[in-house]
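Below is one structure, written out as structure tokens; comments come after it.
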Amino acid sequence: MDVSSRVLSELASREAALDAQIEAARAQAQQTVDAAEAQATSILRDAEAQAKAMQAEHEQKLSAEVKSIRDAASAQAQQDAAHTRARAESKLAQAVDTIMRAVLP
């Protein structure tokens with residue numbers, strides 16, 4: 001029985017050592033998972049911040065482009081209006097001249 005007790009004691013000792021190794025491996029795995037989750041959260045937060053910054057930059061460029069187009073269209077419209085006004089004034093002057101020639105001998 002003495003040999004049998006020693007064998008059982010040795011097996012129990014090995015089992016306890018293996019249990020300790022398994023628990024240490026679980027703890028290390030949990031730390032690795034926690035670190036990976038923290039890193040993933042950080043990466044996601046950085047990506048969201050970068051996306052917001054890129055969206056803001058895009059909106060700013062788009063706004064500037066829209067303003068430029070509006071300014072160009074406004075300038076062209078003012079130029080067209082001035083040209084039309086000048087033609088109308090010229091035609092009015094011609095009409096007045098024609099009427100004056102027709103009325104006055």
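Taking ALA27, is it surrounded by 10 or more Cβ atoms within 10 Å (Cβ to Cβ), aliphatic (A, V, I, L, M) and out of contact with any Asp or Glu (no Cβ under 7 Å at 6 or more places or on another chain)? Working first, answer last.
Numbers: surrounded by 10 or more Cβ atoms within 10 Å (Cβ to Cβ): yes; aliphatic (A, V, I, L, M): yes; out of contact with any Asp or Glu (no Cβ under 7 Å at 6 or more places or on another chain): yes.
In short, yes.
Yes or no, residue by residue, for (1) exposed (fewer than 10 other Cβ atoms within 10 Å of the Cβ); (2) of a type in the set (Phe, Trp, Tyr); (3) at pLDDT below 95:
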site	(1), (2), (3)
VAL3	yes, no, yes
ALA51	no, no, no
GLU59	no, no, no
LEU92	no, no, yes
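With the structure loaded, tell me whether ARG70 is at pLDDT 95 or above, surrounded by 10 or more Cβ atoms within 10 Å (Cβ to Cβ), of a type outside the set (Val, Ile, Thr) and in a helix (DSSP H, G or I) or whether it fails that test. Don't jump to the end; show me each part of the working.
On the way: at pLDDT 95 or above: yes; surrounded by 10 or more Cβ atoms within 10 Å (Cβ to Cβ): yes; of a type outside the set (Val, Ile, Thr): yes; in a helix (DSSP H, G or I): yes.
So ARG70 passes the test.
Name the one entry in ARG101, ARG45, ARG87, ARG14 that is among the basic types (Lys, Arg) and exposed (fewer than 10 other Cβ atoms within 10 Å of the Cβ).
Details: ARG45 fails: exposed (fewer than 10 other Cβ atoms within 10 Å of the Cβ); ARG87 fails: exposed (fewer than 10 other Cβ atoms within 10 Å of the Cβ); ARG14 fails: exposed (fewer than 10 other Cβ atoms within 10 Å of the Cβ).
On inspection, the qualifying residue turns out to be ARG101.
The values are calculated or read from the model by the stated rules, or taken from the named source; none is laboratory data. The shown structure was predicted, so the numbers you read here are calculated from the model rather than taken from an experiment. Every residue, glycine among them, receives a Cβ derived from its backbone with ideal geometry; neighbour counts consider all protein chains shown.
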